[in-house]
Amino acid sequence: ALPGHLLRGLLPLLTVFRLERAEGAARRAGLSTQPIWRKLWDDVMKTRPPNSENITCWRKKFLETFFSNVLHGVLDVSSDWRLNDHHFSPLLHSSPHVSQLTLCNMLQGAVELTAEHNQKVLENLAGSLRILKFQHLLSSDQSIRRSLVLLLHRLIHHGSVSQVSMYSWPVPDTVLLVLILSMSAGFWRSGNALVYHSSPCGLCREEDKAQSQESAHERAERGHCDEREWSDAENQKRSPRAPEGANADMNGCRADACLNSILSGLRSPPLRNQACNETSSRVPCDHTSIQGGSPHCVSDQLSCHPILRKTRRRLKSAVGKKRRCLRRSRGPYADPEDLYDFVFTVAREDNSGLLDKNSTTEGENAENWTSSSPGSPCSGHAGCKKRGASAGIFSLKAPHRFRSVSTLELFSIPLTGETCRTLSNLLSSWVSLENLVLSYNGLGANIFCVLSGLRALSRHSDCHLRVVRVSDVFSHMPCMELVCCILSAFPQLHTLSVSFDLKNQLEGNRPEGNPSCSEAEIPESCLEQLEIRFPREPLHTTFLLPVLKASKSLQQLSLDSATLPCSQELELLLEALKECNPNLKKLSFHDVNLAEHQKEVLLLLQDPVLQEITFSFCRLFESSTTEFLSEIINTVKRNSSLKSLKLPGNRLGNHRLVALADIFSEDSSSSLCQLDVSSNCIKPDGLLEFTKKLEGHIQQRGGQIQFTHLRLFQNWLDQDAETAQEALRRLKAVCSVVNDSWDSSQAFADYISVM
């Protein structure tokens, strides 16, 4: 309740604990604590955070980074008096502000967070954490993996984590990698194999208790219904002329009891088998987890319900005996190495078995990992060892499916054929997944395993996948062929990015069992953004045309590192874009030689629909004349729809930059807001001359100009610091300027050293 002027003077004198508690009072008094948190960052962290200009809340930024540094032991709270408060528990009080967390090396952070004294910290993270990252992981022992399992179970299955990202793992531990992937997909073993603070997970126990009560209620209703059915039948025997209403009640009750019995006895697996949908389109199907077995529809099961009940009783006894043997042989704690079975073990249950959560007798807690078959989505494709196996999709057998994440990112993690098969099996039923990023994983021929899982996933009506990004060093197949293959399997995508650095020399020798994807027909897609980085492949519009025709909603197209086999190729591409993609708003060319395509460049700049055009390192002025630059300027001046023009790496130099200022002259109708002239050999005197000319045009237009952003990265502004500072100062009065402190002399030395 302090007056505002007193509170303003008091806030900088508070510890972090007191400052956090005073946040509400400061807000009510109309005071901002952002400058104080920013100063705390500078004094304690002593680093400049990346993208600091985009940080909107320094309080959250400080506390989130503070939590991570304390967790990993890189920050001593006694180093600053503002942190050293006996009321302040570093992890506990900062955890509610943590939305992103990175675990590294030996996963010491996971061990600390699952310790008993950090229960409240883990509960806070379960509500606040959205992004969980793993970086530079090393092999770990059984106790560390157990801690990781508990952490993932709490943060993903019973928490709010929606994104799991893994970075830089040159030699991944297969067991650890599969553990993270499977738990991210919502799988976990059941029973008491793993304990949570000396007892099974309390949240799971509550869910099981609620399910048990619900099942007991359903059984009671069925028993009551059976009693009514028997009573009605006896009454009907005594009175042949029973009322029609009684018969209707009896028949409805019998049908309800039959249906409830079947639905409670069968569990739907994560995968949906299309065969059932094809056989009966009228009645919804409840698919079993029978590996290799045929699914049964509810309508068919209703007719054979008595037999089904007898079969289930026999199977419950047999499966119960089998699981009791497993339990005795494993002991109280299952070795985490058993997780390997999740990937490579074929379930050996009899095809006639029906597996459900009631298969074990009361009191038995079987320790089962969800297992997948190696001969599942990708069997028979390149990179898979079981070529003789069926190419059909097998179900993941899960006693329970938990909450799963919506974004999975794997950066610089080599994936073997076995790991790719596991990933394919997980993807095939991962309906919550919205974003998939596979970057530099050495997939090679194993890309077909991933594609097979995506194809199975696309058959789910509740599938949410909309973004797929695949990048690698070597391409196993031509880029356009891979794009066609992905889109034909998954037309629901909104964003598709395919990027390769180099062309595989063995690309023409495809393994057996992999038909050419270029022959696949592409249905009408929902694609809005397409990015293709060619490994110096020729750009053939004939191959790109089917994709463009199928993507009527395309709004962004990026073509990188492609070669143009003939002078007409770019013209054909522009005609195809105009005909097939009327909604295209952004078009980008990077590292594509356009020096001999001046006519097509001008046609693009006068396009009335495009709002953003990028010519990045395209050698625009390599063999051009002064007239070409004048034509570019005049074309942009007449185009009122173009909002952003990006010209990095085209050797503009000082004189061409100064000429570009005429885009904003008094007679211009341009609506250009953003201009990118990074990496264009611009010197301070040229930038100053550009600034003066721009100021003159603005004055002539009475200050009415829409130009708001100028990007100047990696130019030669360090050659005359005083002139550069004056130019930047005057420019910042006109627009937002983004630049860097680039050392041009060192960059030139690096360039010479690699020549």
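Laid out as a table, the results:
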quantity	calculated
Distant-in-sequence amide H partners of residue 100 (H built 1.01 Å from N, under 5 Å)	130, 131
Rough spin-label spacing in nm, given labels placed 7 Å along Cα→Cβ, for residue 218 and residue 692	8.3
Simple label model, 7 Å out from Cα along Cβ direction - residue 593 to residue 640, nm	4.0
For segment 77-92, Karplus couplings with θ = phi - 60° (6.51, -1.76, 1.60), whole Hz, Gly/Pro x	5, 7, 6, 9, 5, 6, 9, 8, 10, 5, 7, 9, 9, x, 6, 5
Length-normalised contact order for segment 585-754 - Cα pairs under 8 Å, 6+ apart - percent	17
Residue-normalised accessible area of segment 585-754, given per residue in Å² at a 1.4 Å probe	48
Inter-site label distance for residue 542 and residue 51 at 7 Å from Cα along Cβ, in nm	4.3
Share antiparallel - DSSP beta bridges, segment 585-754, percent rounded to 5	0
Efficiency of FRET from Cβ geometry, residue 462 and residue 207, R₀ 22 Å, rounded to 0.05	0.55
Pairwise FRET efficiency - residue 43 versus residue 611, Cβ, R0 = 41 Å, nearest 0.05	0.40
Overall form of segment 585-754 per C-alpha gyration tensor (a/c, 1.5; a/b vs b/c)	oblate
Förster radius 22 Å - calculated FRET efficiency between residue 744 and residue 706, Cβ distance, rounded to 0.05	0.10
Order by protection proxy (mean Cβ within 10 Å, highest first), peptides 493-501, 15-23	493-501, 15-23
Set 643/732; 61/646; 683/732; 46/133; 549/585 screened for pairs whose C-alpha atoms are more than 28 Å apart	61/646
Separation of alpha-carbon centers, segment 52-75 and segment 94-128, rounded to whole Å	14
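The values are calculated or read from the model by the stated rules, or taken from the named source; none is laboratory data. Since we're looking at a predicted model, the values are computed, not measured. Positions of Cβ are backbone-derived with ideal geometry, glycine not excepted, and every protein chain shown enters the neighbour counts. SASA here: full protein model, heavy atoms, side chains in, ligands and nucleic acids out. Shrake-Rupley method; radii C 1.70, N 1.55, O 1.52, S 1.80 Å.
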